[in-house]
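Enquirer: Please see the structure below; I have some questions.
The values are calculated or read from the model by the stated rules, or taken from the named source; none is laboratory data. As the structure is a computational prediction, the values presented were derived from the model and not from experiment. All Cβ positions, even for glycine, are placed from backbone atoms using ideal geometry, and neighbour counts span all protein chains on display.
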Amino acid sequence: MTACSTALAACSAANGAALACSSSLWRLLGAATCELRKHASSSSPSSVPFWPEPVSFCGASVPADRVFFCTSRSFAMLAPRPVLPGHAIVTPRREVKALYELSPEEVDDLFLATQVVSYILNRVTGTDSCTMLLQQGEAAGQCLPQLYVHLVPRRKDDLSNNDDIYPLLEKSLPFPLDEEGALHEDEPKSKSLQAADFREWILQMAADKQPLPSRPAEVSI
């Protein structure tokens, strides 16, 4: 059995009884675990490894430490201006403005990645709900020239009015850029969830075949 299949088997064995998740989710999550482990040797022993391949969003480079999930066609990053803890963006690697510009393979990958990322966000933040938003076209509220999906983990009564999430998401864009044209975050790192928290969870969930807790601990913000 390969290291990748071992990691996937550990994921399934630890979680299959407690969570009804699709086999496609486990395959993609298992592959991500293997990719992170493969790159661990290139990272500092004290840091969580990350994907070294450069990615961009709307032409701006995305720092590797902001990315917490990657496939050959899509990636996920934490939003530089999060509206709630764990707010993430899933987007195709290829820069397109509309869903119909993607190939069938890219469409499949984008929504499988969205499925996996929503699961990761809920597990790490200790939530069981998620707002997902994809806007295509100016009339629908799309304000950036690239297709993307907002994912925001939700808790009961986290906003006084549930529909307040939509103007908040609108105000979170466009993303801030630094002097070199790369994305940067508004919030100090000490006050927000970091992509490393999610990459570490991906690694730990299958490490040593240890079972995942039935309910993750609350994350301090």
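Enquirer: Within the stretch 85-107, work out how many residues are under 24 Å from GLU138 (Cα atoms) and touching a Leu at 6+ places or on another chain (Cβ under 9 Å).
Expert: The qualifying residues number 15.
Enquirer: Okay, moving on. In the stretch 79-100, which residues are modelled with pLDDT under 90 and among the aliphatic types (A, V, I, L, M)?
Expert: ALA79
Enquirer: Counting only residues that are farther than 18 Å from THR33 by Cα and either among the charged types (D, E, K, R) or touching a strand residue (DSSP E or B) at 6+ places or on another chain (Cβ under 8 Å) (or both), give me the strands (runs of 3 or more DSSP E) lying completely in the stretch 45-156 with at least 1 of them.
Expert: In the stretch 45-156, the matching strands (runs of 3 or more DSSP E) lie at 55-57, 60-62, 74-78, 88-92, 129-134, 149-154.
Enquirer: Could you list, in sequence order, the residues of the stretch 111-133 that are in contact (Cβ under 8 Å) with a residue 12 or more places away in the chain and more than 22 Å from ARG155 (Cβ to Cβ)?
Expert: Within the stretch 111-133, LEU112, ALA113 meet the criteria.
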